[in-house]
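The structure under discussion appears below in the form of structure tokens.
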Amino acid sequence: MAAPKVAVVGAGVIGLSTALCITETCPSCSVTVLSDQFSPNTTSDVAAGMLIPHTYPGTPIHVQKQWFKETFTFLFAISNSPEASEAGIHLVSGWQVFKNTPKEELPFWSDVVLGFRPMSEAELQKFPEHRFGQTFTTLKCDCPPYLLWLEKRLKATGVQMHTRKVADLWDLHSEYNVVVNCAGIGAHQLVGDEKLFPVRGQVLKVHAPWVKNFIRDGDGLTYIYPGIHRVTLGGTREKGSWSLSPDPGTTKDIFDRCCSLEPALRGARDIEVKVGLRPSRRCVRLQREVLSRGGVKFPVVHNYGHGAGGFSVQRGTAKEAARLVGECIATLPGSSLRAKL
Amino acid sequence: MRVAIIGAGVIGLSTALCIHEQYHSLVPSLEMEVYADRYTPHTTSDGAAGLWQPYLSDHSNLQETLWNKETFDYLLGHLGSLAAKEMGLFLISGYNLFTQPVPDPSWKNIVLGFRNLTPKELELFPGYSYGWFNTALMLECRNYLPWLSNRLTQRGVKFFHKKVESFQEVSGDGVDVVINCSGVRAGELQPDPELQPGRGQIIKVLAPWVKHFIITHDIESGIYNSPYVIPGSEFTVLGGIYQHGNWNEENSAQDHKTIWENCCRLLPALQKAKIVEEWSGLRPARPCVRLERETVHHGHFQAEVIHNYGHGGFGITIHWGCAMAAARLFGSILQEKQLASPPQPRL
């Protein structure tokens, strides 16, 4: 058969990472990214892009750890290369502080990030309201630069990108052999997944370049993540809210909470407010499906529902999705790749 | 009582402020003047990146270690204040790298979270097999010196743009106490063969993705002769030059090449950084800081001089401890002149 044609729906961190992995595992494939939004208008662009995993209740921990490890290793190598600044990937150190000592003092990812250890008494003095803390060094993927860099890498390998709103995956069955669904929160409408729900996050992006360390409250609600040009202040976790409009009361609340953690933020300028809907699910939907109508079959690989943890598992889940794409291709009629798997 | 401070770098201005804060209410007649041929942004202090970090070894100079600690604690106490941003003060974490294991420094318990580097962290720095991680402070003089100047101006301290040629020049004019914070050129006021320039050169770049300081060490070539990268609030400073005895304040093309190549090897991402400025300066190097009193005579006049110079490449690191020590010496002068009651116990 001719080069298999793969469509990736979605151009956030998951769509672009998945497209990249597919070009690596299936160099003969023709890959096209289709999305109604590209950077800087994706959900990923709102996120700080910190590599601090979110725990999915429905996925075994060893799998999540493997995904995180693959992602961390991949990004670590780029952060250490001349491309780092263009890719928007950089190391950042800081503190995760808790008002009450957490049940699990050692998260599953503590040996993947760098230099993880409990905070000393002296370090905790900076946070009078908190009794326990952890300090470590991790990576941050600043968006838009990171997404734009992924797009550039994809274009260099011949991947096409088109702005297109896909209303139904079946619409693509005549143009493509396999479709990969990385539609994020869009999957709610696209495939009618009732298990997928938004968790609304409002953030502020501010100018405060003297803030060099991240600070995160272990409750996940208040965080300060210094990026290349702006510091992301957060946030909210509003389950079930679909509103993309910034709320002024929330803005003030976020700013106050962050200043309380880091008084140096009081001098912050140029506050920009953004809202994103985390595409949340008990577990990432990472599986094959075959759509079938009138005897015609159309293989689909789903890779969505990463919620608050997309950046942290982007590479691991993308590799698995690419592997599933490989399986789909091998089962296509007339596939010469069947023997290779 | 007239007090003249010679020098308007970090040492001169902080000593002036420390003394004024402690004694102006005790000595209503206190009049303070600052004399300097260079003011911010043209002082030696302005060229420093501003990282609080002493040298690796204190040469058993426990006094200096204590002054370093006093400075760190003083600055740490100001971190949460509204003044911090204006002072140019903020926390920063980073790496010290070595090609072999070394003993822990005297300041390991002064900084926050001091620890050895893990093998995975060392992978970031090929060629280095040992290192430390800690959180310290940055105090950028481009902000701190103007902040000190503002505080002093508010207190009525007068500033004169003048090169003082001798102590007698000011003491003969009726000044009772001279505080000598003249840095690398103190030898022009009074010969001091122990004071030598430690010439440094730096390149300022735009590299806002760098969030950590990285200081490498080469035991053979000595302190600051090995590349370092220190991110400020706006620019990142690249350096690694220390030339003892070199008085040349001109930028050297050879040194530029050394700094650039070494720092880019250390942090490949720097290759894409835009160069904004180049600067050379003379660290006022001395085997130990000269912080002591001296009575200087000129005909019938005599003046008390408090020397506070020779802080090498750690002036910012040690400045407040020295300012406090100088203030204590000032207090003893006042006592002798019976101008103030015995000093209250104070830190």
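Name the single residue, out of those in region A:228-249 being in a strand (DSSP E or B) and not aliphatic (A, V, I, L, M), that is farthest from the other protein chains (Cβ to nearest Cβ).
Looking at the filtered set, the residue picked out is A:LYS239.
Could you list, in sequence order, the residues of region B:113-156 that are in contact (Cβ under 8 Å) with a residue 12 or more places away in the chain, closer than 24 Å to B:GLU234 by Cβ and open to solvent by 10 Å² or more (accessible area, probe 1.4 Å)?
B:GLU140, B:ARG142, B:ASN143, B:PRO146, B:TRP147, B:SER149, B:ARG151
What number of residues within region B:105-123 satisfy the criterion of being out of contact with any strand residue (DSSP E or B) (no Cβ under 6 Å at 6 or more places or on another chain) and either of a type in the set (A, V, I, L, M, F, W, C) or under 27 Å from B:VAL10 (Cβ atoms) (or both)?
Counting residues in region B:105-123 that are out of contact with any strand residue (DSSP E or B) (no Cβ under 6 Å at 6 or more places or on another chain) and either of a type in the set (A, V, I, L, M, F, W, C) or under 27 Å from B:VAL10 (Cβ atoms) (or both) gives 6.
Return the total of residues in region B:203-231 being farther than 22 Å from B:LEU91 by Cβ, among the β-branched types (Val, Ile, Thr) and buried (at least 21 other Cβ atoms within 10 Å of the Cβ).
Step one: filter region B:203-231 for residues farther than 22 Å from B:LEU91 by Cβ, giving B:203, B:217-227.
Those left that are additionally among the β-branched types (Val, Ile, Thr): B:203, B:219, B:223.
Narrowing further to those that are buried (at least 21 other Cβ atoms within 10 Å of the Cβ): B:203.
Residues that pass the stated criteria total 1.
Out of the residues in region A:217-227 that are within 18 Å of the chain's Cα centre (by Cα) and either more than 13 Å from every other protein chain (Cβ to nearest Cβ) or in a loop (DSSP other than H, G, I, E, B) (or both), which is farthest from A:GLY94 (Cα to Cα)? Reasoning before the result, please.
Kept after step one, since they are within 18 Å of the chain's Cα centre (by Cα), are these residues of region A:217-227: A:220-221, A:223-227.
Checking which are either more than 13 Å from every other protein chain (Cβ to nearest Cβ) or in a loop (DSSP other than H, G, I, E, B) (or both) leaves us with A:220-221, A:223, A:227.
Values: A:GLY220: 15, A:LEU221: 16, A:TYR223: 11, A:GLY227: 13 Å.
That would be A:LEU221.
Among the listed residues A:VAL13, A:VAL46, identify the single one that is open to solvent by 10 Å² or more (accessible area, probe 1.4 Å), aliphatic (A, V, I, L, M) and under 13 Å from the mean Cα position of the chain (by Cα).
A:VAL46
Within region B:208-250, which residues are hydroxyl-bearing (Ser, Thr, Tyr) and away from every other protein chain (no Cβ under 14 Å)?
Selection gives B:THR216, B:SER221, B:TYR224, B:SER226, B:TYR228, B:TYR242.
Any idea which of (1) aliphatic (A, V, I, L, M); (2) within 10 Å of another protein chain (Cβ to nearest Cβ); (3) surrounded by fewer than 23 Cβ atoms within 10 Å (Cβ to Cβ) is the one A:VAL63 doesn't satisfy?
Going through the list (1) aliphatic (A, V, I, L, M); (2) within 10 Å of another protein chain (Cβ to nearest Cβ); (3) surrounded by fewer than 23 Cβ atoms within 10 Å (Cβ to Cβ), A:VAL63 breaks only (2).
Keeping to region A:105-154, report how many residues are open to solvent by 30 Å² or more (accessible area, probe 1.4 Å), within 16 Å of A:ILE224 (Cβ to Cβ) and touching a residue at least 40 places away in the same chain (Cβ under 8 Å).
1
If you take the residues in region A:79-104 that are assigned to a loop (DSSP other than H, G, I, E, B) and farther than 25 Å from A:CYS21 by Cβ, which one is least open to solvent (accessible area, probe 1.4 Å)?
My answer is A:PRO102.
Among the residues of region A:233-240, is there at least one that is without any contact (Cβ under 8 Å) to a residue 60 or more places away in the chain and of a type in the set (Lys, Arg)? Quick ask: steps written out before the conclusion?
Pass one, region A:233-240, residues without any contact (Cβ under 8 Å) to a residue 60 or more places away in the chain: A:233, A:235-236, A:238-240.
Checking which are of a type in the set (Lys, Arg) leaves us with A:239.
Yes - at least one qualifying residue is present in region A:233-240.
Which fully enclosed strands (runs of 3 or more DSSP E) of region A:111-204 have 1 or more residues being within 14 Å of another protein chain (Cβ to nearest Cβ) and more than 19 Å from A:VAL313 (Cα to Cα)? Can you show your working first?
On the way: elements: A:114-118, A:132-141, A:160-163, A:178-181.
Because the criterion is at least 1 residues that are within 14 Å of another protein chain (Cβ to nearest Cβ) and more than 19 Å from A:VAL313 (Cα to Cα), the strands (runs of 3 or more DSSP E) in region A:111-204 that meet it are A:114-118, A:132-141.
So which strands (runs of 3 or more DSSP E) are wholly in region A:251-341 and hold at least 1 residues that are within 14 Å of chain B (Cβ to nearest Cβ) and open to solvent by 40 Å² or more (accessible area, probe 1.4 Å)?
Numbers: elements: A:269-280, A:285-293, A:296-304.
In region A:251-341, the matching strands (runs of 3 or more DSSP E) lie at A:269-280.
Counting just the residues of region B:94-113 that are in a strand (DSSP E or B) and in contact with a helix residue (DSSP H, G or I) (Cβ under 9 Å, 6 or more places away or on another chain), which one comes out farthest from the other protein chains (Cβ to nearest Cβ)?
To start, the set of residues in region B:94-113 that are in a strand (DSSP E or B) comprises B:94-98, B:112-113.
Going one step further and asking which of them are in contact with a helix residue (DSSP H, G or I) (Cβ under 9 Å, 6 or more places away or on another chain), we end up with B:95, B:97, B:112-113.
Details: B:TYR95: 10, B:LEU97: 14, B:LEU112: 5, B:GLY113: 5 Å.
Restricting to residues being in a strand (DSSP E or B) and in contact with a helix residue (DSSP H, G or I) (Cβ under 9 Å, 6 or more places away or on another chain), the top hit is B:LEU97.
Would you please name the residue that is farthest from the other protein chains (Cβ to nearest Cβ), looking only at residues in region A:79-101 that are touching a residue at least 40 places away in the same chain (Cβ under 8 Å) and among the aliphatic types (A, V, I, L, M)?
A:VAL97
Looking only at strands (runs of 3 or more DSSP E) that lie completely in region B:169-277, which have at least 2 residues being closer than 25 Å to A:PHE76 by Cα? Full working, then the answer.
Values: elements: B:177-180, B:196-206, B:212-216, B:228-231, B:236-239.
Per the criteria, B:196-206, B:212-216, B:228-231, B:236-239.
When you look at A:PHE76, is it assigned to a loop (DSSP other than H, G, I, E, B), within 11 Å of another protein chain (Cβ to nearest Cβ), touching a residue at least 60 places away in the same chain (Cβ under 8 Å) and not β-branched (Val, Ile, Thr), yes or no?
no
Among the listed residues B:SER81, B:SER106, B:SER14, which satisfies the condition of being surrounded by 24 or more Cβ atoms within 10 Å (Cβ to Cβ) and closer than 30 Å to A:LYS126 by Cβ?
That would be B:SER14, the only listed residue that is surrounded by 24 or more Cβ atoms within 10 Å (Cβ to Cβ) and closer than 30 Å to A:LYS126 by Cβ.
Considering B:GLY77, B:GLY50, which residue is within 14 Å of another protein chain (Cβ to nearest Cβ), on the phi > 0 side of the Ramachandran plot and not aromatic (Phe, Trp, Tyr)?
On the way: B:GLY77 fails: on the phi > 0 side of the Ramachandran plot.
None of the others qualify; the one that does is B:GLY50.
The values are calculated or read from the model by the stated rules, or taken from the named source; none is laboratory data. Owing to the predicted nature of the structure, the values given are computational and were not obtained by experimental measurement. Please note: Cβ atoms are built from the backbone with ideal geometry, for glycine as well, and neighbour counts cover all protein chains shown. Note: accessible area is taken over every heavy atom of the protein model, side chains too, but ligands, DNA and RNA are not part of it. Shrake-Rupley method; radii C 1.70, N 1.55, O 1.52, S 1.80 Å.
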